[in-house]
1. For the chain, what is the charge dipole size about the Cα centre, in debye to the nearest 20, if Lys and Arg each add +1 at the Cβ and Asp and Glu each add -1 at the Cβ?
2. What pairs in LYS269/LYS363; LYS263/LYS363; LYS187/LYS269 have C-alpha atoms more than 22 Å from each other?
3. Under a 10 Å cutoff between Cα atoms, tell me which one of LEU262, LEU356, LEU292 has the largest fluctuation in the Gaussian network model of the chain.
4. Rg (Å, one decimal) plus Dmax (Å, integer) for the alpha carbons of the stretch 337-394?
5. If I take every Cα pair under 8 Å that is 6 or more residues apart in the chain, average their sequence separation and divide by the length, what percent do I get for the relative contact order?
6. So how do VAL267, VAL156, VAL166, VAL233 line up by other beta-carbon neighbours within 10 Å, fewest first?
7. If I take R0 = 35 Å and measure r between the Cβ atoms of SER346 and GLU304 in this structure, what FRET efficiency does the formula 1/(1 + (r/R0)^6) give, to the nearest 0.05?
8. Which of these, VAL102, VAL24, VAL83, has the largest mean-square fluctuation under a Gaussian network model of the chain (Cα springs below 10 Å)?
Amino acid sequence: MEKQGDGMDFETIVIREGRAEIIVPKLDYYRVSPNEYVPSKAPVFYNPLMKENRDFTVIVANVIRRGVGHRLCFGDSMAGVGVRSIRVLTEAEWDEAYANDVSQRAFATIVMNVKLNRLEDRMHTSKTDANIFHVEHSLSGSRFDMLELDPFGTPVRFLDTCFQAVKHGGVLSVTATDTANLFGVHKRAARMLYGVNVLKTGFMREIGVRVLLKAVAEAAARNERGIEPIVSVTRRHYVKVFVRVLKGRKHAFKSVSQIRFLKLRRVEKIYEPIGVVDVESCEKDFLLLGPLYTGQTCSREWLEKMLLQETEGTLINKDVFRTLETLISDDQKIVGSIDLTGLASSLHVNPPPRSLIIERLVKEGFTACRSGFDNNCVRTDAGLDELVRIIRSL
């Protein structure tokens, strides 16, 4: 039995995040510049710059809270200092939370933060491996309405047990910070960890989202669950996805049927998406990326509900709502996009405004919208030749 409070053998400060008042390690432990931190060097993992990541969790938790009338239970298997659970209880008004971390120092910090925020009757703490924590909450009556998995690096070795700990219709939130693998920078690691062949393209952030969703969907299927993506974001150095968990083989089959390959054509340094295909073989002069999750990465209904919170005097960062607005402007009907900055550079011209190119494409009868993931990209059914012609004419 761990003694609560043991392990606080480092300097701390008290800060406020959202409505939570929390004890964290002194930031000088791991600050490398005014706005840059290396949390892995801290005695307890806490990254101030990941507040926006936690903001997304709070927004989704608020949507869930307003949609149901029963008691809601939140779980965080790698809680760090426990701030995410505290914010879900205090800002989204959930009834109960379980915050776990394998680190003794983190456990001791969480205990202190629970007391500091007077949540002893609603927040439970534990110190164990994340997979064990998931299994301990795998029985009916102990599962979570929402479970957060936010490891350092890849989440793949924790995904299978996650699905045992989430209720049917509940939400699983997964963060991955190994973006070099997800974006195709480290191809061998992507193959080893995620079972995909990917490379660095002009729309690598979308690829990263689809690689992570593929891993989540496959883990769900192994547990006879399916997923419905609610919102997927890629910011700074992480990819984060929220999915509804649906129990049953029919949901599992539906999810894995979305795992396919993306066919590409390479013209110099530009990659042109051709379409989604089922087979792994590919004719000469084309490339295949994948397998990837090729279904919808966000729910418009959920995005609209999340955006409603912007006018409610919320403590959520405004940049989070800007991200949601960008996602809702992406119709997601086409997988992949074209990097306009890279294309203009290859043509030795200045890139025209993306909005002007989209307007011209739509006027000519093509489908076109901004990508919700890659800032310089346009999602369109127009071919590369048409885009080159339009850019040259502007």
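What follows is calculated from the coordinates using simple rules that are stated; it is not laboratory data. Computed from a predicted structure; not experimentally measured. All Cβ positions, glycine included, derive from the backbone under ideal geometry; neighbour counts span all protein chains shown.
1. The calculation lands at about 580 debye.
2. LYS269/LYS363; LYS263/LYS363
3. LEU356
4. 10.0, 27
5. 11
6. VAL267, VAL156, VAL233, VAL166
7. Details: r = 38 Å, r/R0 = 1.07.
The computed FRET efficiency comes out at 0.40.
8. Sorting by GNM fluctuation, first place goes to VAL102.
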